Amino acid sequence: MGLLEVKDVNKRFGGLQALGNVNLSVAENTCHAIIGPNGAGKSTLLNCLVGKLIPDTGSVMFDGQSVLGRTPFEINQMGISRVFQTPEIFGDLTVMENMLIPCFAKRDGSFALHGIRSVLSEGELRDQAEQMLDDVNMLDKRNMHSASMSRGDKRRLEMAMCLVQNPKLLLLDEPTAGMARADTNNTIDLLKEIKEKRDITIAIIEHDMHVVFSLAERITVLAQGTPLVEDTPENIKGHPKVKEAYLGEAA
Amino acid sequence: MFGLDKKDASLLLIVAALVAFAPFLLNPFPEGSAMAQFNAGYPDLMQRFVIFGIFAIGFNILFGLTGYLSFGHAAFLGVGSYAAVWMFKLLSMNVLPAIILAVITSGIFALVIGYVSLRRSGIYFSILTLAFAQMSFALAYSVLTPITGGETGLQLALDDPRIFGSATTAEGNIPVPGLFGLEMRDSSELVLGNWVFTFNVGYYFAAIVMLLSFYLAIRIFRSPFGMMLRAVKSNQQRLNYTGLNPRPYTLAAFVISGMYAGLAGGLMASMDPLAGAERMFWTASGEVVLMTILGGVGTLIGPVLGAGMIKYMENIISKINSDILHGWFAFLPDGLEDLVVTMIYPFIGKGWHLTLGIVFMLVVIFLPGGLVEGGQRVAKLFGRKKTDEPKSAKTEPAE
Amino acid sequence: MDAIILQILNGLDKGSAYALIALGLTLIFGTLGVVNFAHGALFMIGAFCAVTLSRLLSLSHEVAIPGQTDFLGNPATRDVPYVFDIFGETVGASIIDWAVPLSILFAIPIMILVGVVMERGLIKHFYKRPHADQILVTFGLAIVLQEIIKYYYGANPIPTPAPAAFTGSFDFGAVIGFDPNTIIYPYWRLVYFAFAAVIIGAVFAFLQFTTFGMVVRAGMADRETVGLLGINIDKRFTIMFGLAAAVAGLAGVMYTPINSPNYHMGMDFLVLSFVVVVVGGMGSLPGAVLAGFLLGILESFASMREVIDIIPGINQVIIYLVAIVILLTRPRGLMGRKGVMED
């Protein structure tokens, strides 16, 4: 059984069937990509996994527990971290503070009232955060105001914030959208490195086939809210149904 | 020192020194001189400086850190005042139990209001707090008259029980609030040449409480909790997806700032044992917002500065009348003198609120960072390259 | 039954004022995205337009009364308003009598001017600033405006009567078939309600049937897209601000006979109008009107002796209580649209 099990999930928005009988199983320690043309329901599916949307029917099990009805912070505490399409970081805070917040969340849970001890005295967490920053080559930027960084750096910071929590599952929502080729390649390298270094499961939603075929071990193709095929990248490449979904009937 | 880093410790020491020597610093002009009306070193006004300082420091913990703009914080100040006066009526004239009850009561009050109001954010939150405060005002003003004294306010009486103290003094008067025998209104004067300096027990008591509150605020600003509050302001979505629940954090900040307001209210009643509903009116809530903004939102020292500025201006400006103005401009030719006086007159005396409103607008428009930011700009203007910004609340302290 | 109708009628005038102010507030919020704490001040300025006009009309000069002397033996004089000189005594007297309704004509240009100046001079610069800044700067402006009025007109309420034809009350119960003297209702309140209904209808018609209104409504729904169509939305929004100011001002003009205007009436109404807007749903025009009347009537019911005897002081807090309950159970308000001020 996979780490993440999506069974018969349906979601309607008014008259639109956004997701129809989606079944998906993400095995532990794999990188699983979900691809599909625009409007295929990729984002809806993702939002159902993290607690932003609740499916009309079906079940979403993570690590043997249902995530349905839980809030995003509860789901994160279960071990799912999410990277957004446009980097979501704490822009008013420094890079180091950005890193410390997930460290605190990991150690103390969703709420803890440490109102007196100084942040400076949290040596262990600071070491953790610095180690992670070093891993993503951002240690020199730790005192920078995070809003003033480049988009690529923000993306790396966001990823570092997710990874420092040691999540069981990392969800990536088009992590290279809007990036230049060089940045995209850097991100691919970063993700490859992460995969080698740690035992982590990654689910990635992506448009860019270059990224998908560089990283994914399994690929699910989604079209009109329904999974079309699920297979290895080699088999997906020449699959007629995939071509059809992307290029239309004429092809 | 005190678990603070060097910069924060020196800030605390500077504030402590200013507060300790305030009776000298605020009385720079000799008695009887033309400038004596700019003196502010008398007990009543100095008490207000530090008490409103506490109020603003607490408000800043909520507004400065989380960005939630409450328009109803005066309600907590009012509740604190009522609670303290009731302690004086029922228990004794010792200020400690009165202040403790004031803080607890306003804390509970803030917990209830905060729990409801914080279910919404943005302007909805502002309007909800405003509605709650106006409701509290209406209740205090008329409905709950047996508890609040209604229009006349809550006052001490000769026949109050005061079970742990005496209902009346030996002379048959109502006793005054004190701390184990030290009466809050006691003062001693130091006469040096033409200068008169007043040292008031109540002021120094309130000042010590203020320094403690300020110290606590610094600790909160530098703590993981303070960092979370800034994260709430910065990006709630990210906070949520990082496994943190924003609501208890904001609620804790709301309750803490409500307790600060209650503390200020309790101290106010300790200096002068009466409480009225007008302390809860929404313009009073607006005033603390102004103090915080004028000083500098989200900075440590800003609210203290802002509270001092506003209370000083209020006191001085509302005392000026047209005779004084004519005195000042007597050197001008008659016609011009009258013209200048007529032009300034609307802004002084009873026109203080007009000046206040204009200052409010000017600060929001031109100096959203308040006096602290203004100071920084001036410092920059003189080319003094600041390596570590005084606006340290927004940057991580140097390691 | 008659008691219920009476309370509904009593709630109508306050409800009308709430509705008119809230309409402008929500219009400004919906179009400009600005939370205007100075909107109550516009209501107050409108009321003082009426005060000013009635004072202007009563300006007079002394005229000797032929053949009479006062006790010192000087020729006796009497004050004759200038309008008498211009229009003659009968017409002049009725002009003075009708000062409040005439103030409508006087107030419209003034209010539009005030609104446009306010928007161009101040609020324009706050579109991109946080809501907190908008609240604060308009709050400061409200204080300034009310203090200016206080400086020139004093702190006391200034009685400004309705035309003689509309003072007094009539037996509304008898008109609709109840026993005589059960429902006595002042004429002017009925006038106020009718006036409010006309204004509200005019605003809706304007937004519904003119191209201008269509663009504004489109802008309320999606400002960016409308901007992309090459339509100068900002200019229209300035005009909308002037319009909202005029609506609030007219509400104030006609309210003067019901409550003598004073400098803080704007603030008093503002807090409640905010509550009305929130209950109706931020950015919803029908919601603002509906909530305005509902809350006005509710307040009137809560003021009934029978109710106060059971729950003392309920009339003071009922609106706030209802607002809090609605905000918590229906965060978008009664008729709020999805996507407006979602958090």
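Within region B:185-200, is there a residue that is without any contact (Cβ under 8 Å) to a residue 12 or more places away in the chain, surrounded by fewer than 15 Cβ atoms within 10 Å (Cβ to Cβ) and within 24 Å of residue B:99 (Cβ to Cβ)?
Among the residues of region B:185-200, at least one is without any contact (Cβ under 8 Å) to a residue 12 or more places away in the chain, surrounded by fewer than 15 Cβ atoms within 10 Å (Cβ to Cβ) and within 24 Å of residue B:99 (Cβ to Cβ), which makes the answer yes.
Can you spot a residue in region C:165-175 that is among the hydrophobic types (A, V, I, L, M, F, W, C) and part of a strand (DSSP E or B)?
Yes, region C:165-175 contains a residue that is among the hydrophobic types (A, V, I, L, M, F, W, C) and part of a strand (DSSP E or B).
Might you check whether a residue that is surrounded by 17 or more Cβ atoms within 10 Å (Cβ to Cβ), touching a residue at least 60 places away in the same chain (Cβ under 8 Å) and more than 21 Å from residue B:135 (Cβ to Cβ) occurs anywhere in region C:291-312?
Within region C:291-312, one or more residues are surrounded by 17 or more Cβ atoms within 10 Å (Cβ to Cβ), touching a residue at least 60 places away in the same chain (Cβ under 8 Å) and more than 21 Å from residue B:135 (Cβ to Cβ).
I'm trying to understand the selection: among the residues of region C:318-330, which are surrounded by fewer than 22 Cβ atoms within 10 Å (Cβ to Cβ) and farther than 27 Å from residue C:197 by Cβ?
C:321, C:324, C:325, C:328, C:329
Only one of B:312, B:345, B:249 is in a helix (DSSP H, G or I), within 14 Å of chain C (Cβ to nearest Cβ) and either of a type in the set (Phe, Trp, Tyr) or in contact with a Leu (Cβ under 8 Å, 6 or more places away or on another chain) (or both). Can you tell me which?
Going through B:312, B:345, B:249 in turn, the sole match is B:345.
Testing residue B:150 on (1) in a helix (DSSP H, G or I); (2) farther than 19 Å from residue B:250 by Cα; (3) out of contact with any Pro (no Cβ under 9 Å at 6 or more places or on another chain), one condition comes back false. Which one is that?
Every listed condition holds for residue B:150 apart from (1).
Filter region A:134-168 down to the residues that are without any contact (Cβ under 8 Å) to a residue 12 or more places away in the chain and assigned to a helix (DSSP H, G or I), then identify the one that is farthest from residue A:106 (Cα to Cα).
A:148
Could you list, in sequence order, all residues of region A:1-50 that are buried (at least 16 other Cβ atoms within 10 Å of the Cβ) and without any contact (Cβ under 8 Å) to a residue 24 or more places away in the chain?
Scanning region A:1-50 gives a single hit, A:47.
Can you tell me which of (1) more than 9 Å from chain B (Cβ to nearest Cβ); (2) in a strand (DSSP E or B) is the one residue A:81 doesn't meet?
Only one criterion in (1) more than 9 Å from chain B (Cβ to nearest Cβ); (2) in a strand (DSSP E or B) is unmet by residue A:81, namely (1).
List pairs: first residue in region B:348-366 and on the phi > 0 side of the Ramachandran plot and more than 7 Å from chain C (Cβ to nearest Cβ), second residue assigned to a helix (DSSP H, G or I) and of a type in the set (Gly, Ala, Ser) anywhere in the structure, Cβ distance under 9 angstrom, at least six positions apart or on different chains.
Partner pairs satisfying both residue conditions: B:349/B:318; B:349/B:322.
Looking at C:279, C:307, can you tell me which residue is closer than 15 Å to residue B:127 by Cα, within 14 Å of chain B (Cβ to nearest Cβ) and of a type in the set (A, V, I, L, M, F, W, C)?
Residue meeting the stated conditions: C:279.
Every residue in region A:5-47 that is under 13 Å from the mean Cα position of the chain (by Cα) and either on the phi > 0 side of the Ramachandran plot or not β-branched (Val, Ile, Thr) (or both), please.
Hits for region A:5-47 are A:31, A:32, A:33, A:42, A:43, A:45, A:46, A:47.
Do we find that residue A:203 is farther than 23 Å from residue A:130 by Cα, touching a residue at least 12 places away in the same chain (Cβ under 8 Å), touching a strand residue (DSSP E or B) at 6+ places or on another chain (Cβ under 7 Å) and of a type in the set (Gly, Ala, Ser) in this structure?
So residue A:203 fits the description; yes.
On the given criteria, is residue B:222 of a type in the set (Lys, Arg) and either within 25 Å of the chain's Cα centre (by Cα) or within 30 Å of residue A:111 (Cα to Cα) (or both)?
Answer is yes for this residue.
Among the residues of region B:132-159, what is the count of those that are free of Cβ contacts under 8 Å to residues at least 12 places away in the same chain and buried (at least 18 other Cβ atoms within 10 Å of the Cβ)?
Number satisfying all stated conditions: 4.
Among the numbered criteria (1) touching an Asp or Glu at 6+ places or on another chain (Cβ under 7 Å); (2) among the hydroxyl-bearing types (Ser, Thr, Tyr); (3) part of a strand (DSSP E or B), which one does residue B:141 miss?
(3)
Go through region C:159-192 and report how many residues are surrounded by fewer than 18 Cβ atoms within 10 Å (Cβ to Cβ) and under 19 Å from the mean Cα position of the chain (by Cα).
Going through region C:159-192 one residue at a time, the tally reaches 4.
Which of the residues spanning region B:204-241 are touching a strand residue (DSSP E or B) at 6+ places or on another chain (Cβ under 8 Å) and facing chain A (nearest Cβ under 7 Å)?
Residue satisfying the conditions is B:241 alone.
In this structure, does residue A:58 turn out to be more than 20 Å from the chain's Cα centre (by Cα), assigned to a strand (DSSP E or B) and surrounded by fewer than 21 Cβ atoms within 10 Å (Cβ to Cβ)?
yes
Restricting to region A:91-121, give me the number of residues that are facing chain B (nearest Cβ under 7 Å), touching a residue at least 24 places away in the same chain (Cβ under 8 Å) and over 28 Å from residue A:148 (Cβ atoms).
1
Which fully enclosed helices (runs of 4 or more DSSP H) of region A:169-251 have 3 or more residues being within 17 Å of the chain's Cα centre (by Cα)?
A:181-197, A:209-215
Among the residues in region C:318-328, are any more than 10 Å from chain B (Cβ to nearest Cβ), part of a loop (DSSP other than H, G, I, E, B) and over 25 Å from residue C:47 (Cα atoms)?
No - not one qualifying residue is present in region C:318-328.
Taking the conditions exactly as written (at pLDDT below 90 and of a type in the set (A, V, I, L, M, F, W, C)), does residue C:218 satisfy them or not?
The answer is yes for residue C:218.
Name the residues in region B:290-309 that are part of a helix (DSSP H, G or I) and surrounded by 24 or more Cβ atoms within 10 Å (Cβ to Cβ), would you?
Selection gives B:290, B:291, B:292, B:293, B:294, B:295, B:302, B:303, B:304, B:306, B:307, B:308.
Determine which member of the set C:132, C:162, C:155 is touching a Pro at 6+ places or on another chain (Cβ under 6 Å) and modelled with pLDDT under 90.
So the residue among C:132, C:162, C:155 that is touching a Pro at 6+ places or on another chain (Cβ under 6 Å) and modelled with pLDDT under 90 is C:162.
Mind checking whether some residue in region A:165-173 is more than 16 Å from residue A:84 (Cβ to Cβ), outside the structural domain of residue A:98 (by TED's automatic domain parsing) and buried (at least 20 other Cβ atoms within 10 Å of the Cβ)?
No, region A:165-173 contains no residue that is more than 16 Å from residue A:84 (Cβ to Cβ), outside the structural domain of residue A:98 (by TED's automatic domain parsing) and buried (at least 20 other Cβ atoms within 10 Å of the Cβ).
Of all residues being assigned to a loop (DSSP other than H, G, I, E, B) and surrounded by 24 or more Cβ atoms within 10 Å (Cβ to Cβ) in region C:258-274, which is modelled with the lowest pLDDT? Just the residue, please.
C:263
Exactly one condition in (1) over 20 Å from residue A:157 (Cα atoms); (2) of a type in the set (Asp, Glu); (3) at the interface with chain B (Cβ under 7 Å from one of its Cβ atoms) is not met by residue A:63; state its number.
In the conditions (1) over 20 Å from residue A:157 (Cα atoms); (2) of a type in the set (Asp, Glu); (3) at the interface with chain B (Cβ under 7 Å from one of its Cβ atoms), residue A:63 misses (3) alone.
The values are calculated or read from the model by the stated rules, or taken from the named source; none is laboratory data. Here the structure is a predicted model, which is why all the values come from computation and not from measurement. Neighbour counts are summed over all protein chains in view; Cβ atoms, including those assigned to glycine, are modelled from backbone coordinates with ideal geometry.
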